[in-house]
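**Student:** Sharing a structure here in structure tokens format.
What follows draws every value from the coordinates through simple rules; no lab data is involved. Computed from a predicted model, the values in this text were never measured in an experiment. No Cβ is skipped: glycine too gets one built from the backbone with ideal geometry, and neighbour counts run over all protein chains shown.
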Amino acid sequence: MSITLPEFWQLAVAELTRANADRRHPFRNVVIATCSINIPGMRTVVMRKFDAGQGVLMYTDCRSQKFQDLQSHPEQAASLLFWHPKKNLQVRMQGRVTLSVEDEIAKAHWLKVPPVSKRSYTTAQAPGTIIENPEAVEHDAALEDGKYFTVLHFQPHSAELLQLNRELHLRAIFHLENETWQGHWLVP
């Protein structure tokens, strides 16, 4: 079975787009890698939206380490890693992140966050703070306005696709050039 570079790209875009509507899609939970003082840090976040022309939206708390890493990096660079175990499809993206906190973008997204999820952004202590036990987390009602809620807008400039198959592994790199994704096959 032969596949073209544009078809391979569209396969990945279709899976990423499908994750917008399907909360159980494996691309919904994505690994984001940031760098802090030359030490990479990775964590899983929830992809809130993917748009082939606009990038990937995720949420965080502006007191989190990932926010601090992104804010302190001169390029606000990050990498994303998506893995689909049933399709053996991996998508790695590199790009820049725009941070929206206490601005109109963050406020508009905050209004869409379900009340149960808003609770994650109203802790009195910053994420990563040492506590005695899980029940020791304190919430501050004064933070219900989304003060620490942050929208991460990831804008990819490159994407590498890998699909593992018994007969033939597929691997390609794509770069965004003049608002168009241009690709090349790679040795898997």
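**Student:** So which of Arg92, Arg119, Arg96 is among the charged types (D, E, K, R), under 15 Å from the mean Cα position of the chain (by Cα) and under 25 Å from Arg24 (Cβ atoms)?
**Tutor:** On the way: Arg119 fails: under 15 Å from the mean Cα position of the chain (by Cα); Arg96 fails: under 25 Å from Arg24 (Cβ atoms).
The unique qualifying residue is Arg92.
**Student:** Tell me which of these Phe8 doesn't satisfy, since it passes every other one: (1) within 27 Å of Thr129 (Cβ to Cβ); (2) more than 16 Å from the chain's Cα centre (by Cα).
**Tutor:** It is condition (1) that Phe8 fails.
**Student:** Could you tell me whether the stretch 173-185 includes any residue that is among the acidic types (Asp, Glu), more than 21 Å from the chain's Cα centre (by Cα) and under 18 Å from Trp9 (Cα atoms)? Even if it seems obvious, please write down each step before you answer.
**Tutor:** Narrowing the stretch 173-185 to residues among the acidic types (Asp, Glu): 177, 179.
Then keep just the ones that are more than 21 Å from the chain's Cα centre (by Cα); that gives 177.
Still in the list and also under 18 Å from Trp9 (Cα atoms): 177.
Within the stretch 173-185 (the criterion being among the acidic types (Asp, Glu), more than 21 Å from the chain's Cα centre (by Cα) and under 18 Å from Trp9 (Cα atoms)), the answer is yes, since at least one residue qualifies.
**Student:** I'm trying to understand the selection: among the residues of the stretch 4-41, which are exposed (fewer than 13 other Cβ atoms within 10 Å of the Cβ) and either touching a helix residue (DSSP H, G or I) at 6+ places or on another chain (Cβ under 8 Å) or assigned to a strand (DSSP E or B) (or both)?
**Tutor:** Of the residues in the stretch 4-41, the ones exposed (fewer than 13 other Cβ atoms within 10 Å of the Cβ) are 4, 6-7, 14, 21-24, 37-40.
Asp22, Ile39, Pro40 - these are the residues of the stretch 4-41 that are exposed (fewer than 13 other Cβ atoms within 10 Å of the Cβ) and either touching a helix residue (DSSP H, G or I) at 6+ places or on another chain (Cβ under 8 Å) or assigned to a strand (DSSP E or B) (or both).
**Student:** Answer yes or no as to whether Phe67 is within 30 Å of Ala124 (Cα to Cα) and in contact with an Asp or Glu (Cβ under 8 Å, 6 or more places away or on another chain). Reasoning before the result, please.
**Tutor:** Values: within 30 Å of Ala124 (Cα to Cα): yes; in contact with an Asp or Glu (Cβ under 8 Å, 6 or more places away or on another chain): yes.
Yes.
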